[in-house]
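Worksheet: the structure to be examined is printed underneath.
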Amino acid sequence: MITKMTHTTVYVLDQESAFDFYTNKLGFKVVTDVPMGKDGRWLTVSPPEQPGFEIVLYPVAKSNLSKEVADTLRELVKKGTFGIAVFTCHDIFATYEELKEKGVKFTKAPTKEFYGTEAIFNDDSGNWFSLAQIN
Amino acid sequence: MEGPQYPKMYLYRRLVQAKLFIDTHYAEPIDLDNIADEACFSKFHFIKQFKNIYNKTPHQYLISVRIQKAKELLNAGTPVSTVCLAVGFESLGSFSVLFRRIAGMTPSSYVALQQRLRAQMAESPLTFIPGCFAEKNGWLKKSQF
């Protein structure tokens, strides 16, 4: 029986820039940050109130994909193809205003939906996330 | 994209500005009355609204930011007495008491714990990485089994 999700991968274009975005802009905490292999770096972050859930910030360039697949993936990430996750918050209007102030790009402002209030933003690579305050 | 229109938008913006002010100026002797004035609120109303959004009073929030920054500086190897002043506390005593209350351990125990963790990460990084990821990246040593 599956009980929990502990890790998920987000492909990013630049790991250092993603580190800055997820920690300084979104306010996530670094869980593991260790050099691996020749020039690899294992970097995971967690939402502040969910330390047991690690988001692996995985650079497309360092992935073990073929050049062709990596190039395609890079373009798809850049174009905002991938919707990764829903993040929740205590107060969506305050969170939205704060993230906007920090330079986070939103493609949907907080909007009332039947399940709560939702906004959509992109990370620095192009991946998109829902920000929600659930009813 | 046009900004949204929602009830009390101006109020949210002022509260967010106050929060960001604390995030930036936590190391200075912040007068929370001044922040309330800047945000054009009465002190009582400001504290109530701030707590509604952040689940902490502005003072509690300021302390939590200072302790969080203190952890970062301690992690970077800064001595406890330097950290205390660098994050805006005037006495080592009050810093240690608040650190212990929030972090659940003394600053020196925190430093020791972080050092152990770092040593463990440096010595055996693979214990922090799920095996499937390590294998896919070729970070695992070949095994006979």
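At a glance:
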{"item": "Per residue accessible area of the protein assembly as shown, 1.4 Å probe, in Å²", "result": "58 Å²"}
{"item": "Lysines whose Cα lies under 18 Å from that of A:Lys62, excluding same-chain neighbours fewer than 8 positions away", "result": "A:Lys38, A:Lys78, B:Lys136"}
{"item": "Rg/Rh for the protein assembly as shown, where both radii come from Cα atoms and Rh is the Kirkwood radius", "result": "1.00"}
{"item": "Cut-off of 10 Å, at most 16 other beta carbons, DSSP loop: longest stretch of chain B lacking such GluC sites (Glu not before Pro)", "result": "B:3-89"}
{"item": "Sites matching chymotrypsin sites (Phe, Trp or Tyr not before Pro) across the stretch A:37-135 that sit in DSSP coil, with at most 11 neighbouring C-beta atoms within 10 Å", "result": "A:Phe114, A:Tyr115"}
{"item": "Fraction of accessible area attributable to carbon and sulfur, the stretch A:1-80 (%, probe 1.4 Å)", "result": "55 percent"}
{"item": "Charge dipole magnitude, Cβ of K and R +1, D and E -1 - the stretch B:9-136, Cα centre, debye nearest 20", "result": "400 debye"}
{"item": "Low-density loop positions, trypsin sites (Lys or Arg not before Pro), the stretch A:51-135 - DSSP coil, at most 12 other Cβ in 10 Å", "result": "A:Lys79"}
{"item": "Residue mean of other protein chain beta carbons inside 10 Å, B:130-139", "result": "4"}
{"item": "In order through the stretch B:43-56: 3J(HN,Hα) via Karplus (6.51 cos²θ - 1.76 cosθ + 1.60), integer Hz, x for Gly, Pro", "result": "4, 4, 5, 4, 4, 5, 5, 4, 5, 4, 7, 9, 6, 9"}
{"item": "Contact surface A-B: accessible area buried, both sides summed, square angstrom, 1.4 angstrom probe", "result": "2300 Å²"}
{"item": "With Cα atoms, 0 to 90° folded angle of helix A:67-78 axis to chain A main axis", "result": "20 degrees"}
{"item": "Virtual spin-label span in nm between A:Thr81 and A:Glu113, 7 Å along Cα→Cβ", "result": "2.3 nm"}
{"item": "Linear extension gain, B:Leu113 paired with B:Tyr6, 0.36 nm per residue minus alpha-carbon span", "result": "33.9 nm"}
{"item": "Residues whose placed amide H lies under 5 Å from that of A:Thr32, excluding near-sequence neighbours", "result": "A:Thr44"}
{"item": "³J(HN,Hα) computed for each position of the stretch B:111-120 - Karplus, 6.51 cos²θ - 1.76 cosθ + 1.60, integer Hz, glycine/proline x", "result": "4, 4, 4, 5, 5, 4, 4, 4, 5, 5"}
{"item": "A:Gly116 long-range amide H proximity, modeled H, under 5 Å", "result": "A:Asn135"}
{"item": "Violating pairs (Cα-Cα greater than 24 angstrom) within the set B:Lys8/B:Lys43; A:Lys4/A:Lys102; A:Lys105/B:Lys48; A:Lys29/A:Lys102; A:Lys102/B:Lys56", "result": "A:Lys4/A:Lys102; A:Lys105/B:Lys48"}
{"item": "The stretch B:1-82: trypsin sites (Lys or Arg not before Pro) in DSSP coil with no more than 10 other Cβ atoms inside 10 Å", "result": "none"}
{"item": "Long-range HN-HN contacts of A:Thr9 with modeled amide H, under 5 Å", "result": "A:Val56"}
{"item": "Highest-fluctuation residue, A:Gly27, A:Gly37, A:Gly103 considered, GNM on chain A with Cα pairs under 10 Å", "result": "A:Gly37"}
{"item": "Occluded residues from the stretch B:16-43, i.e. those whose accessible area drops by 50 Å² or more once the chain is not alone (1.4 Å probe)", "result": "B:Val16, B:Leu20"}
{"item": "Calculated [θ] (222 nm, deg cm²/dmol) that DSSP helices of n ≥ 4 give over chain B, each run adding -39,500 (n - 2.57)", "result": "-20500 deg cm²/dmol"}
{"item": "The stretch B:9-136: translational diffusion in µm²/s, Stokes-Einstein, Kirkwood Rh over Cα pairs, 10 °C, 1.306 mPa s", "result": "95 µm²/s"}
{"item": "Centre separation in Å (Cα based) which lies between the stretch A:82-115 and the stretch A:1-66", "result": "21 Å"}
{"item": "Using alpha-carbon coordinates, inclination of helix B:92-103 to the longest axis of chain B, degrees", "result": "70 degrees"}
{"item": "Dimensionless Rg ratio for chain A, taking C-alpha atoms and the 2.2 N^0.38 Å reference", "result": "1.09"}
{"item": "Of all accessible heavy-atom area on the stretch B:78-134, the percent that carbon and sulfur account for (1.4 Å)", "result": "61 percent"}
{"item": "0 to 90° range, to nearest 10: angle between helix A:92-101 axis and chain A longest Cα axis", "result": "50 degrees"}
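The values are calculated or read from the model by the stated rules, or taken from the named source; none is laboratory data. The structure displayed is predicted, hence computed values, not measured ones. No Cβ is skipped: glycine too gets one built from the backbone with ideal geometry, and neighbour counts run over all protein chains shown. Just so you know, the surface numbers come from the protein's heavy atoms only, side chains and all, with ligands and any DNA or RNA stripped out. Shrake-Rupley method; radii C 1.70, N 1.55, O 1.52, S 1.80 Å.
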